[in-house]
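No lab work stands behind these numbers, since they all come straight from the coordinates. Not measured: the values here are computed from a predicted model. Virtual Cβ from ideal backbone geometry, glycine too; neighbours counted across all protein chains shown.
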């Protein structure tokens, strides 16, 4: 039995949720999102809470149960508060700047890297060594942060590169004489 799947998802204040068959729609102050559940899962709106349960006791239905509940919870939190991911840049001469809506990164290449964010994602650069990615869709925010980090991931010897703010780099010892 899924311990996560058993819990009903409370609809927060200021958010309206609707369930039509397998489609869960959430509308809030930040925007509107939807999630279509698998056919092995039943979704119902009861007492201002969304209840997710498997249709039968098959392994496939049980494996999708907890994931479906988490997806519903993510869209409800996204339309109410939104998501953000912070990135840090370490290294001499490494910096970020906004160029209109695009992000311009100087990461030690012979050219600057220009990243164009997808629709629904906002990128802010409060300091030249800090990038904040925000949006209502958790998957998109994480994907954009991962794409930016991919340009120059942190290396283990000096720790140079783009890393998540909460990430800890395991440092290696250099050559010895």
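For segment 5-31, a tally of residues being more than 23 Å from residue 135 (Cα to Cα) and loosely packed, with under 13 Cβ neighbours inside 10 Å returns 2. Among the residues of segment 11-32, those identified as closer than 24 Å to residue 120 by Cβ and in a loop (DSSP other than H, G, I, E, B) are 11, 12, 13, 14, 15, 22, 28, 29, 30, 31.
Name every residue in segment 136-162 that is touching a helix residue (DSSP H, G or I) at 6+ places or on another chain (Cβ under 7 Å) and part of a strand (DSSP E or B), in order of residue number.
Taking segment 136-162 and keeping what is touching a helix residue (DSSP H, G or I) at 6+ places or on another chain (Cβ under 7 Å), we get 136-138, 162.
Within segment 136-162, just 162 meets the criteria.
Taken together, 104, 119 contain a single residue that is within 17 Å of the chain's Cα centre (by Cα) and free of Cβ contacts under 8 Å to residues at least 12 places away in the same chain, which is 119.
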